Amino acid sequence: MSEFKLTTVEEMEAATNRLLETGAKVGADSWQMRVKNQTPHCKFGEEGMCCRICTMGPCRITKKAPRGICGCDVHGIVGRNFLRFTAGGSATHSDHGREICHTLHEASADGNYKVKDEAKLMKLAAEFGVETEGRDIYDVAHEVAEVGLLEYGKPFGTQVFLKRAPEHTQEIWKREEIEPRAIDREVSCSLHMTHMGCSSKPEALIRQALRSGLSDGWGGSMMGTEFSDVLFGTPHEIETEANLGVMVAENVNIVVHGHDPSLSEMICEYADSPEMIAYAKEMGAKGITVSGVCCTSNEVAMRRGIPMAGNFLQQENVVLTGACEAIVVDVQCIFPALGPLSKCFHTKFVTTSPIAQMPDSDFIRFNAHTAGENAKAIVKMAIENFKNRDPELVHIPDMKQKAYVGFSVEEIERKLDGVTNSQVDETGTMMPLVDCVKSGVLRGAVAMVGCNNPKVRPDAAHISLMKKLIANDIILVVSGCSAQAAAKAGLMDKRAKDLCGAGLKRVCELADIPPVLHMGSCVDISRMMVLAARIAKDSGWNISQIPLVGCAPEWMSEKAVSIGNYVVATGIDTYLGVEPYATGSSEVDGLLKGGLKDWVEACYTVEHDIEKLGDLMIEKIEEKREALGI
Amino acid sequence: MLLFDIVFNGNDTMYAEACEAVDAAIAKYGEEKAIGFPDTAYTLAAYYAETGDKITNLKEAKAGLEHIKTMMTRERRLDSGFKSGVATALSAEILEATKYIEGDPYEGYSEGAMTDAQIRELGVPLVTGDIPGIAVIIHAAPTVQEAVDLVKSYQSQGNFVCLVGDIIDQLKEANYKMGFNVRVYPIGKDIACAAHAVSVAARTAMIFGNITPGDKKSLQEYTFNRFRAFVNAFGPLDEKTVACGAGAIYYGFPVITNDMEYTPSVPKSLIKLADVSKWNTASLEARDIKIKITNIDIPVSFATAFEGEIIRRGDMQVEFDGSRIDSVELVQTKEPSEIEDHKIEVIGPELDEFEVGSKNGIAYVVEVAGKKMQSDFESVFERKFHSWLNCIEGVMHTGQRDMIRIRVSKEAFEAGFRAKHFGEVLYAKIKNEFDAVVDKCQVKVYTDQAMASKIRHEIAVPTFDKRDERLGSLTDESVDVYYTCILCQAFSPSHVCVVTPERLGLCGAVSWLDAKATNELEPAGACQIITKEGVIDERLGAYESVNEAVRKYSQGALERVTLYSIMEDPMTSCGCFECICGIEPFSNGVCIANREYAGMTPLGMTFPELASMTGGGVQTPGFMGHGKHFIASKKFMAAEGGIERIVWMPKELKETVAERLNATAKELYGIDNFTDMIGDETIAEDPETLFAFLSEKGHPALGLDPMM
């Protein structure tokens, strides 16, 4: 085995620069160039104090003009913008969850989609109060899906999954009146509250932002995760590889990108069929390689070991390799830039969802009934496109790392069971983890999530923070593009244990895990909520007492704010490397960075100095330990 | 108190005690006073392995303590906890060394430090899994009975048990048999004695694992991955014990305790369990030790731990003595139709009918059949009888073929042990270990004297003669294949033995026939075929195919070995060799020392010191580990002239090999009674006296070319 060494950000950047040379040759645009054109950014926008909610404006707040035309002050404007931002994220995640509910509703024994994890379906049925005794599993699946769909619009009551939280957390939500009702209602309510002439009181707006976030994390996202597991299998540890080097020059390369696994699962299925492989050979390729970008990549990596070509800011790079026959996308985080970029190469840019339609793409409308045919057509299209490659332009950076992924809560539980002693311990608990934390072997945990953002040197914050934390015996659970940054660097290789402090290293050895655990895509942050709840229940601590913090050092999307809100509202202090558009209001900013503590026992910290951000998290973890007397 | 603080405090206390002891010793004896432990080439082995520095006197001990101080970091991180744990063990080792200044401080009470020879003796059983694990039990059990039960539970599984603290008194109170030979090893009373257990782990890593002293990381990886030790610490715990525990956990040895309050739990590392009766299972599980279960239906225990048990005349119910009365043990291949599987027959009286303390004859014949059975395997099975029968608690077996002696203790007899149980044991072990070639097996135990005589003379002796004829014809030249043996690689990752008909494995346990059988039994196992091809130099015994095999199975660590030279690319050793030979430049010869020999050799080194020159898969020209049996081989350092180079060996070894060695000398050089020309410790322990002796005897080595 070759010696293990992390891939550095410098090496990744050098690889990107080499690809950008190809781009320059073919006259391609790039995000790096567009960032230059867009900076400096509008200060009013950045601080959240530009209001475009009615056509009397737009109004922007200055010293001279402290109120908008309607009289709303800066706190109202910033608060409303913040809530709308959250609602956008919550709607997006939850709509993804809803799509999966629909797919489950379409599942059948002989259809495109089947129930893969029956045990999980049964568990959900029990939670949702669906009768299972003596019923066909597909009947059960359809009814569970229906009940799930009702969570989006039910007229009364709150989200079913809230019961998964510890009593204490549920009490807080009740007390603070932030228990999420129907998911769609929270989004609608947010838009309603922020309409011209409704709420302008920061407390009310932020409270609703938490509630709308919670409807995502403990509602839509959680259903997205759970129903995906039912359909495609609950992830378990699996070996894969990450970074552009996973693309294979001799093969037809299909890259899946987006978030919804329904499409990518089908593509993987067909790309792996003997028929398609034979066809690829007929067309002059050696085989077919499917790789992924963004969270779709996380979904198929976790369940099938499909390699990860890269994360958010690497999406253009896959096309720039000149070896991408098709980049097939579903929803969210897809650069419209891929359209024009693909035209500079032979690459087919295939959009598939009515939700994400873009110019310069081949649109193949994908739905559950025709999923098989659609996927087959896309794979075929890619194969037939192989011959159109310009060999002159082909350059795949020889850069990849081994990664172990698939650490669902169930898998983490299995790993923890592996270190129990049958004479002493119960299995099926989080106690081994709690014991490691109590004894000080592990200092705590950080849930690191989120995107890339050109405002932060891409991947550098994720990777440097992770390295710092694991060296301090702090274990990481990660998802989304943060997870891919870790995988690309090599931090999901089990040999990365040697970069850890003695405590985490020993835990990695005994539990046979890498120090950074891949928990999935961005909807899978719901898994982290379940994990925190389980730890709280087993330890007897409140979630806010656990030496655990959240972190999104390079976040950029509306979804990220929705996530941040539900993570904080669940009691987990959250550390950001990029400011939300809220600094314009001392009241809103003050609430987010401090006031929330009185409501939900946690709040945000924002720090641009990444080194310092790491120190602050370690300090917080140690502070929580001290408070617990451990 | 937080766990790390307990460790830090315990470390501070142990360190202070060590400093005080060293200062007091310096005040009394002066800085230059030598310190160390008996019969080891590794000085203070734990310290040496960790730092690469040898502590040989009080001045160095003082400097060592300065170094230890730098390890005692105090951050709230496990790294500090581990370092402080190791610092505690090293401090304890120095403290212990000061106790040895005026001789063995444990004399008459317990065993104290283990010798290198003992560690090398543990090598083979540790490698083969005959010793599945090493239990270190600390402090007193809640009751004497619990102490006995726990120790017995480990011992009966073949584990090696080390004892520290008051549990030793508890076992003494219960009259429990202790000692290295029964694998219950009382170290000493003070918790600092735990350092001797750490020393065993450290020396194992250096001897078998070729770990370079001072290479901390490799040392830790070796102990963590390969040294299957664990700790059982009875409460109430205290800071010093927990600090030692941190060191143990660092090296990979989990700690199980019944003190439910003092510390938090750490999964798979620090396990709290009040019910001591569950400790055995919990400990083995925590260290991932799997016990090979041989369920043998006999009324006494069966475990490798009893292999070294000695039964004295007074404790003996009955004896079978082949030197006085016809006795024999034999394996015979039969047709499947002739055998009823698991039929055990006793032909003659049962043990009840023998007079207590009487001497008798016995014959037991194990009849086997199987599609893949070969008559060459008969002797392979037979050679195992010695070890199998010895594993029976209360039975002692020595010798082989028709020169066997067996004693059954009164205790075993009272527990219900009878002659038929010999059959049960032999049947079970044959079926367990050789199931790949034995389909059916039955055993006949003849206690009828006339029948035993008949079996000996009419069946066994002709069989042995035929076998000897076959064995005599088995030479390195007469066969087409040799075998690798990498049985040791679990322990000695870069060592490979090449086994030929005339050169058995250096541990003495694997002959060419054994290797052949092992290969048949487990085609992907430790013994792989080397087809004799690509002669490079016949004199040296250098072959391309041998080199290729050695390269492959040492994972590239070794490039070349020769079969017959100790100077040019000599074969490596794992560390568990029976003997070591080294060149003696004055006489152009070699001296051989065996593991059991504790005295000095004319090379100016004891066996442990000689042994530390090689092992761990390292080639050291001029030094070579080998089996006893190899000494009489025509191939013994044939490239340098052969056995006529042998100028010295311990008397006892000389006597053991005399008959065969003299025969070989006669055949090769026409020398009569060659062993009379070879020196031993009664003749010389220094090169000058030896040279004078050799000159007087006209030893042929003196006339040979110098070896270097």
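Which members of segment B:616-631 meet the condition of being touching a Cys at 6+ places or on another chain (Cβ under 8 Å) and assigned to a loop (DSSP other than H, G, I, E, B)?
B:GLY616, B:GLY617, B:GLY627
Go through the residues of segment A:600-609 one by one and say whether even a single one is part of a helix (DSSP H, G or I), surrounded by fewer than 21 Cβ atoms within 10 Å (Cβ to Cβ) and at pLDDT 95 or above. Give the steps one after another, and end with the answer.
From segment A:600-609, those part of a helix (DSSP H, G or I) are A:600; that's our starting set.
With surrounded by fewer than 21 Cβ atoms within 10 Å (Cβ to Cβ) added as a condition, the list becomes none.
Scanning segment A:600-609, I find no residue that is part of a helix (DSSP H, G or I), surrounded by fewer than 21 Cβ atoms within 10 Å (Cβ to Cβ) and at pLDDT 95 or above, so the answer is no.
Can you name every residue in segment B:366-391 that is part of a helix (DSSP H, G or I), among the acidic types (Asp, Glu) and touching a strand residue (DSSP E or B) at 6+ places or on another chain (Cβ under 9 Å)?
Here is the first cut: in segment B:366-391, the residues part of a helix (DSSP H, G or I) are B:376-390.
If we keep only those that are among the acidic types (Asp, Glu) too, we end up with B:376, B:378, B:382.
If the condition is that a residue be part of a helix (DSSP H, G or I), among the acidic types (Asp, Glu) and touching a strand residue (DSSP E or B) at 6+ places or on another chain (Cβ under 9 Å), then B:GLU378, B:GLU382 are the ones that fit.
Count, please, the residues in segment A:419-449 that happen to be under 19 Å from A:PRO514 (Cβ atoms) and within 9 Å of chain B (Cβ to nearest Cβ). Before the answer, list the steps.
Restricting attention to segment A:419-449, the residues satisfying the condition of being under 19 Å from A:PRO514 (Cβ atoms) are A:419, A:430, A:432-433, A:436-437, A:441-449.
Those still in the list that are within 9 Å of chain B (Cβ to nearest Cβ) too: A:419, A:432-433, A:436, A:441-443.
Number of matching residues: 7.
Return the total of residues in segment B:283-299 being farther than 29 Å from B:LYS216 by Cα and either within 11 Å of another protein chain (Cβ to nearest Cβ) or buried (at least 18 other Cβ atoms within 10 Å of the Cβ) (or both). Spell out the reasoning first.
Pass one, segment B:283-299, residues farther than 29 Å from B:LYS216 by Cα: B:291-299.
Narrowing the set further to residues that are either within 11 Å of another protein chain (Cβ to nearest Cβ) or buried (at least 18 other Cβ atoms within 10 Å of the Cβ) (or both) leaves B:296, B:298.
So the answer is 2.
Consider B:ALA27 against the criteria (1) farther than 19 Å from B:ALA192 by Cβ; (2) more than 14 Å from chain A (Cβ to nearest Cβ); (3) touching a Lys or Arg at 6+ places or on another chain (Cβ under 7 Å): it satisfies all of them except one. Which criterion is unmet?
Here B:ALA27 clears every test but (3).
Checking A:ARG211 against (1) surrounded by 24 or more Cβ atoms within 10 Å (Cβ to Cβ); (2) under 30 Å from A:ALA511 (Cα atoms); (3) among the basic types (Lys, Arg), which test does it fail?
Of the numbered conditions (1) surrounded by 24 or more Cβ atoms within 10 Å (Cβ to Cβ); (2) under 30 Å from A:ALA511 (Cα atoms); (3) among the basic types (Lys, Arg), the odd one out for A:ARG211 is (2).
In contact with a helix residue (DSSP H, G or I) (Cβ under 9 Å, 6 or more places away or on another chain) and at pLDDT below 90: is that true of B:GLY348 in this structure?
Working: in contact with a helix residue (DSSP H, G or I) (Cβ under 9 Å, 6 or more places away or on another chain): yes; at pLDDT below 90: no.
No, not satisfied.
Among the candidates A:LYS154, A:LYS174, which residue alone is closer than 27 Å to A:ALA107 by Cβ, more than 23 Å from the chain's Cα centre (by Cα) and not aliphatic (A, V, I, L, M)?
Details: A:LYS174 fails: closer than 27 Å to A:ALA107 by Cβ.
Selected residue: A:LYS154, the only one of A:LYS154, A:LYS174 that is closer than 27 Å to A:ALA107 by Cβ, more than 23 Å from the chain's Cα centre (by Cα) and not aliphatic (A, V, I, L, M).
Taking segment B:208-225, which residues are polar (S, T, N, Q) and either part of a loop (DSSP other than H, G, I, E, B) or surrounded by fewer than 24 Cβ atoms within 10 Å (Cβ to Cβ) (or both)? Before you say what the answer is, go through the steps one by one.
Here is the first cut: in segment B:208-225, the ones polar (S, T, N, Q) are B:210, B:212, B:218, B:220, B:223, B:225.
Selection gives B:ASN210, B:THR212, B:SER218, B:GLN220, B:ASN225.
If B:ILE256 satisfies every condition in (1) away from every other protein chain (no Cβ under 11 Å); (2) crowded, with 22+ Cβ neighbours inside 10 Å; (3) under 20 Å from B:TYR154 (Cβ atoms) but one, which is the exception?
For B:ILE256, the failing item is (1).
Scanning segment A:542-574 for residues that are among the β-branched types (Val, Ile, Thr) and within 17 Å of A:GLU179 (Cα to Cα), which turns out farthest from the chain's Cα centre (by Cα)? Give the derivation first.
Let us first name the residues in segment A:542-574 that are among the β-branched types (Val, Ile, Thr), namely A:543, A:546, A:549, A:561, A:563, A:567-568, A:570, A:572, A:574.
Next, from what is left, pick out any that are within 17 Å of A:GLU179 (Cα to Cα): A:543, A:563, A:567-568, A:570, A:572.
On the way: A:ILE543: 21, A:ILE563: 9, A:VAL567: 13, A:VAL568: 16, A:THR570: 17, A:ILE572: 17 Å.
Within segment A:542-574, the match that is farthest from the chain's Cα centre (by Cα) is A:ILE543.
Sort out for me the helices (runs of 4 or more DSSP H) sitting completely within segment B:417-488 that have 2 or more residues that are under 29 Å from B:SER545 (Cβ atoms) and not basic (Lys, Arg). Please lay out each step first, then the result.
On the way: elements: B:420-433, B:449-454, B:461-473.
Because the criterion is at least 2 residues that are under 29 Å from B:SER545 (Cβ atoms) and not basic (Lys, Arg), the helices (runs of 4 or more DSSP H) in segment B:417-488 that meet it are B:461-473.
Kindly list the number of the only condition in (1) under 16 Å from A:MET528 (Cβ atoms); (2) surrounded by fewer than 24 Cβ atoms within 10 Å (Cβ to Cβ) that fails for A:GLY590.
Unmet condition: (1).
Give A:SER526, A:SER539, A:SER544 a once-over and let me know the one that is surrounded by 24 or more Cβ atoms within 10 Å (Cβ to Cβ) and among the hydroxyl-bearing types (Ser, Thr, Tyr).
Values: A:SER539 fails: surrounded by 24 or more Cβ atoms within 10 Å (Cβ to Cβ); A:SER544 fails: surrounded by 24 or more Cβ atoms within 10 Å (Cβ to Cβ).
Answer to the check: A:SER526.
Looking at segment B:262-282, which of the residues that are part of a loop (DSSP other than H, G, I, E, B) and touching a residue at least 24 places away in the same chain (Cβ under 8 Å) is nearest to the other protein chains (Cβ to nearest Cβ)? Lay out the reasoning, then the answer.
Just the residues of segment B:262-282 that are part of a loop (DSSP other than H, G, I, E, B), to begin with: B:262-265, B:267-269, B:273-275.
Next, from what is left, pick out any that are touching a residue at least 24 places away in the same chain (Cβ under 8 Å): B:262-264.
Values: B:TYR262: 12, B:THR263: 8, B:PRO264: 4 Å.
Restricting to residues being part of a loop (DSSP other than H, G, I, E, B) and touching a residue at least 24 places away in the same chain (Cβ under 8 Å), the top hit is B:PRO264.
Could you tell me whether any residue of segment A:463-470 is in contact with a Leu (Cβ under 9 Å, 6 or more places away or on another chain), within 13 Å of another protein chain (Cβ to nearest Cβ) and closer than 30 Å to A:GLN315 by Cβ?
Quick first cut of segment A:463-470, residues in contact with a Leu (Cβ under 9 Å, 6 or more places away or on another chain) only: A:463, A:465-467, A:469-470.
With the extra rule that they be within 13 Å of another protein chain (Cβ to nearest Cβ), the set shrinks to A:469-470.
Filter once more, keeping what is closer than 30 Å to A:GLN315 by Cβ: A:469-470.
Checked against the condition, which is being in contact with a Leu (Cβ under 9 Å, 6 or more places away or on another chain), within 13 Å of another protein chain (Cβ to nearest Cβ) and closer than 30 Å to A:GLN315 by Cβ, segment A:463-470 yields at least one hit.
So, in segment A:71-105, how many residues would count as being among the β-branched types (Val, Ile, Thr) and either closer than 30 Å to A:ALA371 by Cβ or modelled with pLDDT under 95 (or both)? It would help to see each step written out before you state the result.
Step one: of segment A:71-105, the residues among the β-branched types (Val, Ile, Thr) are A:74, A:77-78, A:86, A:92, A:100, A:103.
Imposing the further condition that a residue be either closer than 30 Å to A:ALA371 by Cβ or modelled with pLDDT under 95 (or both) reduces the set to A:92, A:100, A:103.
Residues flagged as among the β-branched types (Val, Ile, Thr) and either closer than 30 Å to A:ALA371 by Cβ or modelled with pLDDT under 95 (or both) within segment A:71-105 amount to 3.
Every residue, every condition in (1) surrounded by 20 or more Cβ atoms within 10 Å (Cβ to Cβ); (2) at pLDDT 90 or above; (3) touching a Phe, Trp or Tyr at 6+ places or on another chain (Cβ under 6 Å), yes or no:
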position	(1), (2), (3)
B:HIS457	no, yes, no
B:PHE464	no, no, no
B:LEU471	no, no, no
B:PHE491	yes, no, yes
B:LEU521	no, no, no
B:ASP537	no, yes, no
B:GLY541	yes, yes, yes
B:GLU544	no, yes, no
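Listed here are the residues, each with its yes/no results for (1) modelled with pLDDT under 95; (2) farther than 15 Å from B:PHE320 by Cα; (3) in contact with a Gly (Cβ under 7 Å, 6 or more places away or on another chain).
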residue	(1), (2), (3)
B:LEU389	yes, no, no
B:GLU393	yes, yes, no
B:GLN400	yes, no, no
B:MET403	yes, no, yes
B:VAL408	no, no, yes
B:PHE422	no, no, no
B:ALA436	yes, yes, no
B:ASP439	yes, yes, yes
B:VAL445	no, no, yes
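I'd like to know if segment B:47-61 contains one or more residues that are within 14 Å of chain A (Cβ to nearest Cβ) and without any contact (Cβ under 8 Å) to a residue 40 or more places away in the chain. It would help to see each step written out before you state the result.
Pass one, segment B:47-61, residues within 14 Å of chain A (Cβ to nearest Cβ): none.
No - not one qualifying residue is present in segment B:47-61.
The values are calculated or read from the model by the stated rules, or taken from the named source; none is laboratory data. Predicted, not measured: the structure shown is a model, and the values here were computed from it. Positions of Cβ are generated from backbone atoms using ideal geometry, with glycine treated the same way; all protein chains shown enter the neighbour counts.
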